[in-house]
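Working notes, structure below.
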Amino acid sequence: MDARNPKTRDNGARNDPAGAARDTDVLVVGAGPTGLLLAGDLAEAGLGVTLLERRPGKISNLTRALAVHARTLEQLDARGLADELVAGGHPLGSLRLFGDAYLDASRLRSRFPFVLITPQFEVERLLERRARRAGVTFRYESEVLGLDQDAEGVTVRFRTPEGLDSLRAAYAVGTDGVRSAVREAIGLPFPGKSVIRSLVLADVRLAQEPDSPFTVNATGEAFALIGSFGDGWYRVIGWNRRHQAGDDAPVDLDEVREITRLALGSDYGMHDARWISRFHSDERQVPEYRVGRVFLAGDAAHVHSPAGGQGMNTGLQDAANLSWKLAAALRGHAPDSLLDSYQTERHPVGRAVLRSSGALVRIALLHSAPGRLARTLAARLLERLRPVSGRAIRTVSGIGIAYPAGPGAHRLAGHRAPDVRLADGSRLYEVLRQGRFVLITPSDEPGDIHPADEPGGIRPADDRTVTVHWHSARRTAVLVRPDGYVAWATDATAPAERARALRTALVQWTGAEPGAGGPIAAALTPQGHAADRPAGR
């Protein structure tokens, strides 16, 4: 049965091995984009999922994120959502950073060679619809007060309009933002500092339409960004060096107009603001993304400047990395130690985003004349040195992110798998919509592998692995993880050697037993691998 068929899900009460009843498999706290994607993935994998959210049920149309990058669109494509999101947004072939500095997204080798300008609430709308269809239980107006965990599960305590309540699950994930109650409950510090004070944000209408749906610039005195929602409303974010006030200081439309004139040369006749606020931007990251049976993702784990538009995208990719690992552990296909690779893989990515976005904002806000001159020269150099600019857009877009693969691994292991065309005319990311591993082999190679010296052979478990074939004459065999990264590959051509390598990979990654495809978690070492390489890497 399809691993993502919600009909396979059982949300009823169940028992921990120690006998304690639990209410659901996973509790997700926070119904922003990160939590919605994670909850939907888990429910489509057949697990019971409850999502707690402090806000009332209606998704707010007041949002900060506007940019969806190529790698995030690929992840949404693997869930059947990307085309609908793209149809309602504004694809931009290049992303302006400041002055003459642009990142050329049109050079990306992706089905989505652009930056999509669309409001965060559109992303949330699609992800919430998917999660509801998959059977996620939503509990709005539920404020988390604390949690307790033991070797078998997590109990989360929360307040609702009706009073105090609690739920028990095998695992809990905090996706509840920068002021995360989950992070506080597990006692993790959130070290870092404020990067920019007194940013203003407004949703307005404009009398004059800007030349681009995404307009941004920085001068020595001010910074401003205007992004279109596509429905006549525009998001404005700005900063004025000469007006640094606290978050609680009043802000009005005249201040927003002044900032945009300083940075962009015009306020475009803005009027009818429906929302204005003042805030600050921090650079912070927790030291650990996992504490026992509790995980953090998105802004609960890391926050940074808005430069480059990487915030929401990083959180969504956190969720894509964690969801299949939680599903594998809960369904007995992998040991709990696989979940440690979430920290190993995603914490360095969060740290890198903090550094890159922080560097961008500091460069954009340079004040001295020599500093601005150096910035102009750097922008011209970025434009002329194509390898450098190519690396920059691959990093910002997420396309260039790769995970550590360990010594002796194939050169492809840990890297993003491109959306290749397959022998039957389908695309890889269409096949990934099933939520399983995908084994790509030459067209003349069967899905059942029988090594000559191992008569029992091994067959990829149907509920965990889909076997497909290259459209081309390529001979490499590649095993792609459910999140679209290469788990394993081999160029071996000798049948016995190739089959033995594949057998080892399927046992390691999918928990398949020789000839049966059943769970083998008990046979794995505490590090999650029959050899010496950690699982999930």
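Which of the residues belonging to region 83-117 are buried (at least 22 other Cβ atoms within 10 Å of the Cβ) and in contact with a Phe, Trp or Tyr (Cβ under 7 Å, 6 or more places away or on another chain)?
L95, A105, I117
Within the set of pairs 6+ apart or on separate chains, which have a first residue in region 145-157 that is in the same structural domain as G30 (by TED's automatic domain parsing), a second that is modelled with pLDDT under 95, and C-beta atoms under 8 Å apart?
A151/A18; E152/D16; E152/P17; E152/A18; E152/A20; G153/D16; G153/A20; G153/R22
Residue-wise test of (1) at pLDDT 90 or above; (2) assigned to a helix (DSSP H, G or I); (3) assigned by TED's automatic domain parsing to the domain that holds E143; (4) crowded, with 24+ Cβ neighbours inside 10 Å.
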{"site": "A18", "(1), (2), (3), (4)": "no, no, yes, no"}
{"site": "L38", "(1), (2), (3), (4)": "yes, yes, yes, yes"}
{"site": "T50", "(1), (2), (3), (4)": "yes, no, yes, no"}
{"site": "K58", "(1), (2), (3), (4)": "no, no, yes, no"}
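Could you please find all residues in region 222-256 being assigned to a loop (DSSP other than H, G, I, E, B) and more than 29 Å from A87 (Cβ to Cβ)?
Matches in region 222-256: R241, R242, H243, Q244, A245, G246, D247, D248, A249, P250, V251, D252.
Please enumerate the residues belonging to region 334-348 that are over 16 Å from A320 (Cα atoms) and surrounded by 23 or more Cβ atoms within 10 Å (Cβ to Cβ).
The answer is A334, P335.
Would you check which residues across region 413-422 are crowded, with 21+ Cβ neighbours inside 10 Å and either part of a loop (DSSP other than H, G, I, E, B) or over 21 Å from the mean Cα position of the chain (by Cα) (or both) and list them?
A413, A417, listed by residue number.
Does D25 fit the bill of being under 22 Å from the mean Cα position of the chain (by Cα), at pLDDT 95 or above, assigned by TED's automatic domain parsing to the domain that holds G146 and farther than 17 Å from R130 by Cα?
Yes, satisfied.
Return the total of residues in region 207-221 being over 16 Å from W233 (Cβ atoms) and assigned to a strand (DSSP E or B).
3
Would you check which residues across region 280-291 are touching a residue at least 60 places away in the same chain (Cβ under 8 Å) and charged (D, E, K, R) and list them?
D282, E283, R284, E288
Filter the strands (runs of 3 or more DSSP E) completely within region 61-147 down to those with at least 2 residues that are modelled with pLDDT of 95 or more.
Answer list for region 61-147: 137-139.
Looking at R205, R197, which one is outside the structural domain of D336 (by TED's automatic domain parsing), on the phi < 0 side of the Ramachandran plot, modelled with pLDDT under 95 and surrounded by fewer than 22 Cβ atoms within 10 Å (Cβ to Cβ)?
R197
Return yes when R125 is touching a residue at least 24 places away in the same chain (Cβ under 8 Å) and under 30 Å from R436 (Cβ atoms) and no when it is not.
Yes, satisfied.
Among the residues of region 267-279, are any part of a loop (DSSP other than H, G, I, E, B) and without any contact (Cβ under 8 Å) to a residue 40 or more places away in the chain?
yes
Scan region 166-206 residue by residue and report those that are part of a loop (DSSP other than H, G, I, E, B) and within 27 Å of L37 (Cβ to Cβ).
Residues satisfying the conditions are T175, D176, G177, V178, R179, S180, I186, G187, L188, P189, F190, P191.
Taking R355 and the conditions (1) in contact with a Phe, Trp or Tyr (Cβ under 7 Å, 6 or more places away or on another chain); (2) free of Cβ contacts under 8 Å to residues at least 40 places away in the same chain, which numbered condition does it fall short on, given that it satisfies the others?
Just one mismatch for R355, condition (1).
Residues of region 198-227 being of a type outside the set (A, V, I, L, M), under 26 Å from the mean Cα position of the chain (by Cα) and within 16 Å of L360 (Cβ to Cβ), which ones?
Correct list: F214 only.
Here are the criteria: (1) without any contact (Cβ under 8 Å) to a residue 24 or more places away in the chain; (2) crowded, with 18+ Cβ neighbours inside 10 Å. Tell me which single one D165 does not satisfy.
(2)
Those residues that are crowded, with 24+ Cβ neighbours inside 10 Å and at positive phi, I need them from region 270-305; list them, please.
Of everything in region 270-305, just one residue is crowded, with 24+ Cβ neighbours inside 10 Å and at positive phi, namely G298.
The values are calculated or read from the model by the stated rules, or taken from the named source; none is laboratory data. These numbers were taken from a predicted model, which means no experiment stands behind them. Glycine also receives a Cβ, built like all others from the backbone with ideal geometry; neighbour counts cover every protein chain displayed.
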